[in-house]
1. From the set of residues in segment 51-76 that are more than 20 Å from S13 (Cα to Cα) and of a type in the set (D, E, K, R), which is modelled with the lowest pLDDT?
2. Report whether or not E25 is among the acidic types (D, E) and part of a helix (DSSP H, G or I).
3. For the subset of segment 61-81 comprising residues that are of a type in the set (S, T, Y) and not in a helix (DSSP H, G or I), which member is surrounded by the fewest Cβ atoms within 10 Å (Cβ to Cβ)?
4. Take segment 74-105 and flag every residue that is in contact (Cβ under 8 Å) with a residue 40 or more places away in the chain, in contact with a helix residue (DSSP H, G or I) (Cβ under 8 Å, 6 or more places away or on another chain) and within 19 Å of T45 (Cα to Cα).
5. Identify, by number, the condition in (1) part of a loop (DSSP other than H, G, I, E, B); (2) at pLDDT 80 or above that V32 doesn't meet.
6. So which residues in segment 41-50 are surrounded by 14 or more Cβ atoms within 10 Å (Cβ to Cβ) and either within 25 Å of R12 (Cβ to Cβ) or at pLDDT 80 or above (or both), if there are any at all?
Amino acid sequence: MNKSFSFNKFKRSFFTVELKAPEGEDGKKLVVKMPKKKTFEKLNTIGSLAEEDIDVNGAFDVMGGLMAEILSNNITGEKVSMDYITENYDIEEMYTFIDEFMDFVADKKTDPN
């Protein structure tokens, strides 16, 4: 029996995100890929933010930076800056996005099919 595996034919999982848009318009859509190691490690340590003594600006920068990093890992290669995130999204929106993305990653980890 011969068996083979090709990364070029590997079925990928994606997380589609619609960014905020001016009222009455549709937001830009980004198709986000699974995180690489560096981003995955940051996702795993984000929970310690609540336990640390971190000021509001620090929390915004950490959450905004992580959200920008996640969104920038998209299939078109479009970069999203931390400044764009922190100027357009509040802390609740950032937290909710990261939480939903973590659920997506965890679901794929437990059910890779």
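The values are calculated or read from the model by the stated rules, or taken from the named source; none is laboratory data. Small disclaimer: the values here were computed from a predicted structure and weren't measured. Ideal geometry is used to build each Cβ from the backbone, glycine not excepted, and the neighbour counts take in all protein chains shown.
1. Selected residue: E51.
2. Taking the combined requirement at face value, the residue does not satisfy it.
3. T76
4. Result: F97, I98, F101, M102, V105.
5. Only one criterion is unmet by V32, namely (1).
6. Scanning segment 41-50 gives K42, L43, I46.
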